[in-house]
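Scroll down for the structure; my scribbles are underneath it.
The values are calculated or read from the model by the stated rules, or taken from the named source; none is laboratory data. Since the model is a prediction, treat every value here as computed from it, not as a measurement. Cβ coordinates were reconstructed from backbone atoms using ideal geometry, including for glycine residues, and neighbour counts include every protein chain displayed. To get the accessible areas, we keep the full protein, side chains included, count just its heavy atoms, and leave off ligands, DNA and RNA. Shrake-Rupley method; radii C 1.70, N 1.55, O 1.52, S 1.80 Å.
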2 protein chains.
Amino acid sequence: MDLTHNHFSSQDCGDCPIRHRAVCARCDARELDELEQIKYYRSFEAGQTIIWSGDRMDFVASVVTGIATLTQTMEDGRRQMVGLLLPSDFVGRPGRERAPYDVTATTDLVMCCFRKKPFEEMMIRTPHIGQRLLEMTLDELDAAREWMLLLGRKTAREKIASLVAIIGRRDAALHLSGKKGPLTFDLPLTREAMADYLGLTLETVSRQISALKRDGVIELEGKRHVIVPDLDRLLEEAGDDTDGGLLV
Amino acid sequence: MDLTHNHFSSQDCGDCPIRHRAVCARCDARELDELEQIKYYRSFEAGQTIIWSGDRMDFVASVVTGIATLTQTMEDGRRQMVGLLLPSDFVGRPGRERAPYDVTATTDLVMCCFRKKPFEEMMIRTPHIGQRLLEMTLDELDAAREWMLLLGRKTAREKIASLVAIIGRRDAALHLSGKKGPLTFDLPLTREAMADYLGLTLETVSRQISALKRDGVIELEGKRHVIVPDLDRLLEEAGDDTDGGLLV
DNA sequence: CTCTCGCCTTGATGCAGATCAAGTAGGATT
DNA sequence: AATCCTACTTGATCTGCATCAAGGCGAGAG
C-alpha cells in the first residue's frame, strides 16, 4: 500500500500507529474509540505461521512492524507467494469465513488485529472505512497485476532486478528518506522466499544475484544487505518502463 | 465475479441487465433513476482496442455481452494478459485518471458505461455501491492470486487445463445451466490470447491442446468448441485442489 | 470454384532455468 | 576452539518450453 497516500496523516497516529493509517485517518473521536474496543495486538516470531489456508479467520489486521507473506501451495509442494505484507498493509477480508492462503511471518512481526464481526458491523455504519479499504484493495490488485507480468514474461535476471527494486523502494518509502546517496537496505527474505515470490528455484535466485553483483548492478554486504549504486540501471535491468508502478 | 453472489437478483434487472447486477441490486428507485442519468452504452468489434494504457479514462463500465481483456506490454513487445472480463464484470477504477492497462475487445462487445465523475459522487452518497465494488474487487484480487500460482508454478499442460476449466465453469455459470451432460462451450480466445493469458507461446498452447485431446481429457469440434467428458479428470490435470476457486 | 488471408498445427533445434550434487560461510552451542 | 546447523553458493547435467520454420485448413471474396 502506498504510504504517501493522501488520506494518511502521520500526525494523528496515537499508540496504534497503524490503526489510523490503515483504516481511519478520517475517523472522528467516537469512531476511534469504537475501534479501540475491538483492537488487540499479536506478536509472532520469524518463520511462524499465523494462519493456515482453510483455517477459520475471525479477525482482520494491519501489519505494524515486520514482514508477512501470503502463499499458496499445491498438493505436490510447489509453492507460490501471492502477497507480501509490509508495515501498514492490511490482511483479511471482511465477509469471508476462512483464510484462502497461508499467512506466515518471515521476520519477527507485530500485527494490530480487529475482531472481524464488530469490524464488519462498524464498516457498514462508517462508509469511509469501506472506502479506504476499497482504495487499498484496488492498489493491491494493481500490484498483483504487475506481479503477473513479472511471473509470466520476465527472465530470471529481470525478476531479481524487479524484486530488489520493489523492496528497495518500499523500504525507502517507509523510512520517508529524503533522497540521499545510493539506495541501501536489507533484503527481508531468504533466497527460498525470494524464489517463491518470483516463481524460480532458490539456486536460480542465488545465481542471478551473483550475476547482478558481478555486473555491478548491485553491491552486497554479507548476504542480505544491498547497495544500489544506480537505480536507473537497476530499473533498466528489471525491464520496467513504468517507474511509478511496482509498489506491492 | 461470482454470478451466484447473494446480492444478485436477476428479477430486478431492467433494460440494462448489468447495471443492477454490477453495482446496485440494493438500490432504491431514486438511485436507479440517478444511475440512469449517467449511463450510456458503447459497442465494439472483435479485436478493437477500447483504451490504450496511459489514456485518460473518464468512465467506469460493466461488460454486458462479449469479452474484453486487460493486457500489459513491455517495451520489447512481450505481453501478459492481467484481466479477463466476461459479462457482468466491472472495469475502471473510481479515483484514477488514467488507464494502467490496454483494454481490448476480443469478441464483439457491448459495455454499459457510467460517467466517472458523477459515478464517484454517487458512490460517496450511496455507501452500498462502494460496498458492492469492494466485494467485487476482493473477488478479483483472489482470482489474480490464483492466476499468479498458475503463472509461477504450473507446467504448460496444467496451465492449459486450468484455462479450459476456468472458461468452462464461468460459461456454465453464465448460462445458469442445471448440471446436464458433459460440459461444452466455446473458447472465446485465439491461441495467441491464450498464450498471453498463460505466459506461454502460441505454439506451446497449440501443442498442449493437441496433447490433452490426444489423451482424451478434452474433445474438440473445430478449433474452438470444447467438450469436457470428465470435469474431475480435467481439474486433476489442472493441478487444482481447491475446486471452489479459480473463478476469474 | 479457387484464391487468399488469418488462424492454427506440427517439426527441428536451441537454450534458460530446473534438477541433482557438492561444498562454503557464519552464527549459535557446547 | 571444535561442532553443528542453517542459509547460501557454485558446478554439472537435464529438460520443458521457446524459437525458427514449414505447412494445413476453413471462411470469405472474387
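Annotations for the structure displayed:
- Scanning segment A:198-207 for residues that are crowded, with 21+ Cβ neighbours inside 10 Å and near DNA strand D (Cβ under 9 Å from one of its atoms) turns up just one, A:Val205.
- Residue within segment B:4-19 that is open to solvent by 60 Å² or more (accessible area, probe 1.4 Å), assigned to a helix (DSSP H, G or I), basic (Lys, Arg) and at pLDDT below 90 present: no
- Selection status of B:Pro229, open to solvent by 60 Å² or more (accessible area, probe 1.4 Å) and either away from DNA strand D (no atom under 11 Å from the Cβ) or within 14 Å of another protein chain (Cβ to nearest Cβ) (or both): yes
- Residue selected from segment B:119-140 under the condition in contact (Cβ under 8 Å) with a residue 40 or more places away in the chain and at the interface with another protein chain (Cβ under 7 Å from one of its Cβ atoms), by the criterion nearest to A:Phe119 (Cα to Cα): B:Glu135
- Filter result for B:Met81 (at pLDDT 95 or above and facing chain A (nearest Cβ under 7 Å)): no
- Residues of segment B:141-162 satisfying the condition of being in contact (Cβ under 8 Å) with a residue 40 or more places away in the chain, away from DNA strand C (no atom under 16 Å from the Cβ) and within 10 Å of chain A (Cβ to nearest Cβ): B:Asp142, B:Ala143, B:Ala144, B:Glu146, B:Trp147
- Selection count where residues are open to solvent by less than 30 Å² (accessible area, probe 1.4 Å) and basic (Lys, Arg), scope segment A:74-113: 0
- Sole residue being more than 15 Å from DNA strand D (Cβ to nearest atom), at pLDDT 95 or above and under 29 Å from A:Val64 (Cβ atoms), chosen from A:Ala195, A:Ala172, A:Ala165: A:Ala165
- Taking the listed residues B:Lys154, B:Lys213, the one that is within 16 Å of DNA strand D (Cβ to nearest atom), surrounded by 21 or more Cβ atoms within 10 Å (Cβ to Cβ) and more than 30 Å from A:Met122 (Cα to Cα) is B:Lys154, with no other qualifying.
- Hey, B:Ser88 among the hydroxyl-bearing types (Ser, Thr, Tyr), part of a strand (DSSP E or B) and away from chain A (no Cβ under 13 Å) or not: no
- Residue within segment A:129-150 that is assigned to a loop (DSSP other than H, G, I, E, B), open to solvent by 10 Å² or more (accessible area, probe 1.4 Å) and modelled with pLDDT of 95 or more present: no
- B:Pro87 meets each of the listed conditions (1) more than 26 Å from B:Thr190 (Cα to Cα); (2) within 21 Å of the chain's Cα centre (by Cα) apart from (1).
- Qualifying strands (runs of 3 or more DSSP E) (wholly inside segment A:178-241; at least 3 residues being more than 13 Å from DNA strand C (Cβ to nearest atom)): A:183-186, A:225-228
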